[in-house]
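Here's the structure we're looking at; comments come further down.
What follows is calculated from the coordinates using simple rules that are stated; it is not laboratory data. What you are looking at is a predicted structure, and each value in this text was computed from that prediction instead of being measured. Cβ placement follows ideal geometry from the backbone for every residue including glycine, while neighbour counts extend to all protein chains displayed.
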Amino acid sequence: MASCASTPREPQSEVTAARTPSAADLTGTYLGEGLFSKRTTGIKRPAMRLYMERSQTEGDTYYGVLLEYDQLMNMGLPYMASQKAPILNKVVGYLDKIATRISVYKFVPGVNAGTYEMHNVEARNGNLVVDPKVALMLHLKNGISNPLAGANIAGDPDGQIVFPDVVDTGKGGVLSSINDALSFTQLELATLVYQKGHLASSWRGNWNDLEGSYLSEYGRFKDGVLELSTQKGQKKAKFIKTNTTKAKYFTNPKSGNIEGDYVVVEPVPKMYVLVPANGRAPTASDAEMTNRIGLFLDVFDGSAPEAGSHLVTELAFTAPRDAEDFMMYYEHPQHLRNVGVEPKK
């Protein structure tokens with residue numbers, strides 16, 4: 001419940017009362033572009049994805065997830081192999097890198113109308129803690145196509161994030177040909193992929209639909225390293241460290257050492273925190289996992305009939321104050337359970 005999360009600062013309610021709330025509900029998912037001209041490493045113009053959910057208890061306040069895509073061309077071959085000829089994944093590799101950065105924010109109204117302060121959020125002792133310091137600032141604009149059309153996020157030392165109003169791009173949101181993909185920006189390529197594939201992008205939170213086995217890499221079907229379940233009314237997570245799964249197989253090599261049983265709590269809808277299961281001794285995994293926030297992100301949501309009704313969700317665990325240090329696990333495509341095998345003692 002949202003009341004479990006600490007507020008950025010007590011005077012915030014006074015700021016909220018002093019300005020007119022946003023006329024539109026910003027809940028939704030938005031595709032944008034990073035313009036990071038000052039970056040020395042990584043993609044300078046990555047495609048970006050922002051997921052926003054309005055707070056159920058605080059007016060005109062949101063929780064959001066900001067995701068930076070990896071190079072989209074790099075994802076195609078391992079994904080297609082897993083769908084059409086899984087044996088080829090042993091040659092071309094498995095898909096284990098969809099994003100390069102993932103971070104969580106609480107959005108509260110700024111002093112000026114049409115602005116929202118973005119505060120970092122982390123897990124602590126089973127709850128969410130919101131940093132009182134403003135990390136970034138969302139500036140809205142009266143765009144046409146969606147509530148964030150024309151908006152930008154400022155405050156990153158490397159540049160800014162923009163959400164173009166596709167109606168004003170001159171392309172009408174439709175790109176010409178896959179043959180031109182190499183000349184596309186990452187945003188243009190992402191737009192093409194989502195349009196031609198009839199894809200969406202979703203932040204999920206229905207636990208009953210998300211239980212089951214999760215893999216170290218997309219398509220490594222026998223490599224169950226995480227089991228999600230409900231036992232006696234409690235959400236449970238079991239991380240399995242096997243003899244065969246190496247750290248290099250994971251999105252984040254740190255995942256290779258994680259093991260143990262956890263109770264999963266949901267202090268804010270769609271945001272999950274791990275608490276060590278009762279009756280067991282503390283472990284090194286606890287120190288690594290209990291301050292992370294779990295997020296079920298179907299980055300390439302193919303659940304629509306036109307997309308083949310293909311529903312596979314990624315479970316990301318964000319790291320506090322380090323957007324690059326997230327972990328990611330991949331739901332079994334057949335939604336199987338108990339795929340993981342305990343290592344021999």
Check the straight Cα-Cα distances from Lys254 and name the aspartates and glutamates below 16 Å, setting aside those fewer than 8 residues away within the same chain.
Asp96, Glu217, Asp286, Glu288, Asp322, Glu324, Asp325
For the range 286-345: rounded, prolate or oblate by the Cα gyration tensor [a/c cutoff 1.5]:
oblate
The residues Ser103, Ser37, sorted from fewest to most surrounding Cβ atoms within 10 Å, come out as Ser37, Ser103
Near-label residues of the range 295-335 by backbone N, under 16 Å of a point 7 Å along Cα→Cβ of Ala247
325-328
Packing-based order for 139-146, 114-121, using average beta carbon neighbours within 10 Å, highest first
114-121, 139-146
Most exposed first by the Cβ proxy, i.e. fewest other Cβ within 10 Å, how do Asp158, Asp298 rank?
Asp158, Asp298
Set Lys and Arg Cβ to +1 and Asp and Glu Cβ to -1, take the dipole of the range 198-345 about its Cα centre, and tell me which of Tyr249, Leu295, Ser202 lies farthest positive.
Tyr249
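Take peptides 227-236, 183-192, 278-287 and line them up by average Cβ neighbours within 10 Å, highest first, as a rough protection proxy.
Working: 227-236: 13.8, 183-192: 18.7, 278-287: 11.3.
Answer by packing, highest mean first, reads 183-192, 227-236, 278-287.
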Cross-link pairs Lys222/Lys246; Lys97/Lys246; Lys106/Lys236 - those with Cα-Cα distance over 20 Å
Lys106/Lys236
